[in-house]
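Student: This is the structure I want to talk about, given as structure tokens.
The values are calculated or read from the model by the stated rules, or taken from the named source; none is laboratory data. Computed from a predicted structure; not experimentally measured. Backbone-built Cβ (ideal geometry, glycine too); neighbour counts: all protein chains shown. To get the accessible areas, we keep the full protein, side chains included, count just its heavy atoms, and leave off ligands, DNA and RNA. Shrake-Rupley method; radii C 1.70, N 1.55, O 1.52, S 1.80 Å.
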Amino acid sequence: QVIKCKAAVLWELNKPFSIEEVEVAPPKAHEVRIKILATGICRSDDHVISGALVMPFPIILGHEAAGVVESVGEGVTSVQPGDKVIPLFVPQCGECSSCISTKGNLCSKSDFGAPSGLMADGTARFTCKGKAIHHFIGTSTFTEYTVVHETAVAKIPAAAPLEKVCLIGCGFSTGYGAAVQTAKVEPGSTCAVFGLGGVGLSVVMGCKAAGASRIIAVDINKDKFAKAKELGATDCINPKDFTKPIHEVLMEMTGLGVDYSFEVIGLTETMTAALASCHFNYGVSVIVGVPPATKKITFDPMLLFSGRTWKGSVFGG
């Protein structure tokens, strides 16, 4: 039956969250209702509040979580009530071209691109004050209970500490995967990581695990440098300490540029700086931060013509 519980509802743009009592409908066929026990807060959630990431309102945000299956809809076989799980904002239908390919992971059934904020049947499972409340990228974890599609849930071991593994639902996997899966960082290579939030630090960890010999961490907040070094950064630089553009600084530090660069902020200026800082011929630059809506990038095409590769990575590829 319907569960009444508390949730943080965002009614409109640039307004604070409102803690409301919401009704959460039972799961339909191939859906799973989860009791959320831990959720992280990701900058992507904040982007929705500011309008940098355009979503339909009202909405329940949150996408980085862990919980326990409360009930399952008809036909669900992969999980059962009582299982510990992580909801996936990139589902895995196993049938679309991206899921079948070893080159990609952005399932065509994900609610990216032109987000509807609804389940597969075109309806929502949340209501509040008589109004339907939209889902956020198929997850919505800022609530005590949520409903997701069966393809958007991963079963995890019963012993997993939920307040820690919730980070695998976005931050850790997104950063670590960008290094080891999207960029495929090689042993002995040189990397630059722009932005040292949770995702950026996970990129640093991925570069280190892949055997990079030099990992240059870039951030305008020097308070983040100690943690970056603890996790594997070999150098930390603050663009504010230099009068010249940061890509020129990185070129001087490395000779011809880094082998791999990662933009983990979500700003168009740092995306082009990261591209310009990688090796002119075989450097690979990966966009990990969510690009702001309505912003366009202008750059010198010679940056790519000489051989660089510019890639995007969602959920670590």
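Student: Residues of region 236-285 being polar (S, T, N, Q) and over 30 Å from G51 (Cβ atoms), which ones?
Tutor: T243, T254, N281
Student: While we're looking at this one, here's another question. With respect to F126, is the statement that it is open to solvent by 50 Å² or more (accessible area, probe 1.4 Å) and of a type in the set (F, W, Y) true?
Tutor: no
Student: Within region 237-254, does at least one residue satisfy the condition of being in contact (Cβ under 8 Å) with a residue 60 or more places away in the chain and in contact with a Lys or Arg (Cβ under 7 Å, 6 or more places away or on another chain)?
Tutor: no
Student: Let me ask something else. Please go through region 268-294 and give me each residue that is of a type in the set (S, T, Y) and not in a loop (DSSP other than H, G, I, E, B), ordered by number.
Tutor: T268, T270, T272, S277, S285, listed by residue number.
Student: Just checking, how many residues over region 86-115 are surrounded by fewer than 22 Cβ atoms within 10 Å (Cβ to Cβ) and closer than 18 Å to V290 by Cβ?
Tutor: Here the count works out to 7.
Student: Exactly one condition in (1) in contact with a strand residue (DSSP E or B) (Cβ under 6 Å, 6 or more places away or on another chain); (2) surrounded by fewer than 19 Cβ atoms within 10 Å (Cβ to Cβ) is false for L256; which is it?
Tutor: The single condition L256 does not satisfy is (1).
Student: If E20 satisfies every condition in (1) modelled with pLDDT under 95; (2) surrounded by 17 or more Cβ atoms within 10 Å (Cβ to Cβ) but one, which is the exception?
Tutor: All conditions are met except number (1).
Student: Give L250, L196 a once-over and let me know the one that is modelled with pLDDT of 95 or more and in contact with a Ser or Thr (Cβ under 6 Å, 6 or more places away or on another chain).
Tutor: L250
Student: Any idea which of R33, R43 is in contact (Cβ under 8 Å) with a residue 12 or more places away in the chain and out of contact with any Asp or Glu (no Cβ under 7 Å at 6 or more places or on another chain)?
Tutor: R43
Student: Six or more apart or on different chains, Cβ atoms under 8 Å: show the pairs whose first residue is in region 109-121 and of a type in the set (K, R) and whose second is open to solvent by less than 80 Å² (accessible area, probe 1.4 Å).
Tutor: Listed pairs, sorted by first residue: K109/P91; K109/C93; K109/C96; K109/H149; K109/T151.
Student: Among L61, L37, which is under 24 Å from E163 (Cβ atoms), buried (at least 23 other Cβ atoms within 10 Å of the Cβ) and not β-branched (V, I, T)?
Tutor: It is L61.
Student: Condition (residue is closer than 20 Å to A178 by Cα, hydroxyl-bearing (S, T, Y) and at pLDDT 95 or above) applied to region 258-267: is it met by at least one residue?
Tutor: yes
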